[in-house]
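Chemist: Next up is a structure, given as structure tokens.
The values are calculated or read from the model by the stated rules, or taken from the named source; none is laboratory data. Note that this is a predicted model, so its numbers are computed, not measured. Cβ coordinates were reconstructed from backbone atoms using ideal geometry, including for glycine residues, and neighbour counts include every protein chain displayed. Note: areas computed on protein heavy atoms with side chains; ligands, DNA, RNA excluded. Shrake-Rupley method; radii C 1.70, N 1.55, O 1.52, S 1.80 Å.
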Amino acid sequence: FEIPSGGSVQATVEYFDSGSWHPLDGATLHFGTNTATANSSGQASLSPSDGAYKIFATKDGYLRSEEEKLIVGQKTETSLNLSANILAGSSNTGGGAPTGDSVGFNITLTGGGSNLSFGDVTPGSAKSENITLVNQGQKNLYLETKVSGDEVFEKYLAVDGKRWEDFNTQVDAGKNKTAKVGLNIPSSYSSAGQKTGQLIFWAIPLN
């Protein structure tokens, strides 16, 4: 869930009993180092500062709730330009050894963009490239990714073995983290030619 800077969100805490859900009066909602208390309707209004939060609820005598994610404020973005030349035909090798050098970028956007090329790719095979996520700031960062461009990237791109839309990670302040960007094209893919797109990493301080 995402809200703008200075915004608020209303959280509702319920418990399941006798086949139905009921508001949990007095539950404590935890978000970062902050807390709020649910009212008799099981609700509490949260107005956190900018950042990424894991929100969960607790109360004595009840199991802790599952965590929900809340993003507050403007996200910092940097992107990699993607390219691949999809060859006609197919391969049954199912390969995928990493190729090329690491692509470095600064998550604080002090540098320019980078180009990530998979070169020639035959349907039915896979290629991957290593990149380095660099946090040069003083706060831990939470990251996710977005993809735009040709459908071959939207459908078949993965980051660290996960579909790009399922990827998330944390990079601590002043630290680097290596990630693998992979393109695994099924043998049934028949749209040959040069493909381009963008892999966008967005980051926000983790609270």
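Chemist: With the structure loaded, tell me whether LYS54 is of a type in the set (Lys, Arg), at pLDDT 95 or above and surrounded by 12 or more Cβ atoms within 10 Å (Cβ to Cβ) or whether it fails that test.
Modeler: Details: of a type in the set (Lys, Arg): yes; at pLDDT 95 or above: no; surrounded by 12 or more Cβ atoms within 10 Å (Cβ to Cβ): yes.
No.
So that you can scan it fast, the table gives a plain yes or no per residue for (1) open to solvent by less than 30 Å² (accessible area, probe 1.4 Å); (2) part of a strand (DSSP E or B); (3) at pLDDT 90 or above; (4) within 21 Å of SER114 (Cα to Cα):
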site	(1), (2), (3), (4)
ILE131	yes, yes, no, yes
GLY137	yes, no, no, yes
LEU143	yes, yes, yes, yes
SER148	no, yes, yes, yes
THR178	no, yes, no, yes
LEU183	yes, yes, yes, yes
PRO186	no, no, yes, no
GLY197	yes, yes, yes, yes
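Chemist: Hey, among the residues in the range 103-121 that are more than 16 Å from PHE201 (Cα to Cα) and open to solvent by 50 Å² or more (accessible area, probe 1.4 Å), which one's modelled with the lowest pLDDT? Give the derivation first.
Modeler: Residues of the range 103-121 that are more than 16 Å from PHE201 (Cα to Cα), as a first pass: 117-121.
The next check asks that each one be open to solvent by 50 Å² or more (accessible area, probe 1.4 Å); those that pass are 117, 120.
Details: SER117: 87, ASP120: 94.
Ranking the candidates gives SER117 first.
Chemist: Another question about this same structure. Check the range 77-89 and report whether any residue there is open to solvent by 70 Å² or more (accessible area, probe 1.4 Å) and among the aliphatic types (A, V, I, L, M).
Modeler: Yes, that holds for at least one residue.
Chemist: Being in contact with a Leu (Cβ under 9 Å, 6 or more places away or on another chain), assigned to a loop (DSSP other than H, G, I, E, B) and over 19 Å from ILE204 (Cβ atoms) is the filter here, so list the residues in the range 1-56 that pass it.
Modeler: Selection gives VAL13, ALA38, GLY42.
Chemist: If you don't mind, another one. Please tell me if PHE16 is aromatic (Phe, Trp, Tyr), surrounded by fewer than 16 Cβ atoms within 10 Å (Cβ to Cβ) and on the phi < 0 side of the Ramachandran plot.
Modeler: On the way: aromatic (Phe, Trp, Tyr): yes; surrounded by fewer than 16 Cβ atoms within 10 Å (Cβ to Cβ): yes; on the phi < 0 side of the Ramachandran plot: yes.
It is true that PHE16 is aromatic (Phe, Trp, Tyr), surrounded by fewer than 16 Cβ atoms within 10 Å (Cβ to Cβ) and on the phi < 0 side of the Ramachandran plot.
Chemist: Could you list, in sequence order, the residues of the range 153-176 that are modelled with pLDDT under 90 and open to solvent by 50 Å² or more (accessible area, probe 1.4 Å)?
Modeler: Across the range 153-176, the qualifying residues are ASP172, GLY174, LYS175, ASN176.
Chemist: Still on this structure, please answer the following. Which residue is nearest to ASN140 (Cα to Cα), if the candidates are limited to the range 155-198 and must be among the charged types (D, E, K, R) and free of Cβ contacts under 8 Å to residues at least 40 places away in the same chain?
Modeler: In the first step, residues of the range 155-198 are kept if they are among the charged types (D, E, K, R); the result is 155, 160, 162-163, 165-166, 172, 175, 177, 180, 195.
Cutting the leftovers down to free of Cβ contacts under 8 Å to residues at least 40 places away in the same chain gives us 155, 160, 162-163, 165-166, 172.
Details: LYS155: 30, ASP160: 20, LYS162: 22, ARG163: 23, GLU165: 21, ASP166: 20, ASP172: 4 Å.
Top of the filtered list is ASP172.
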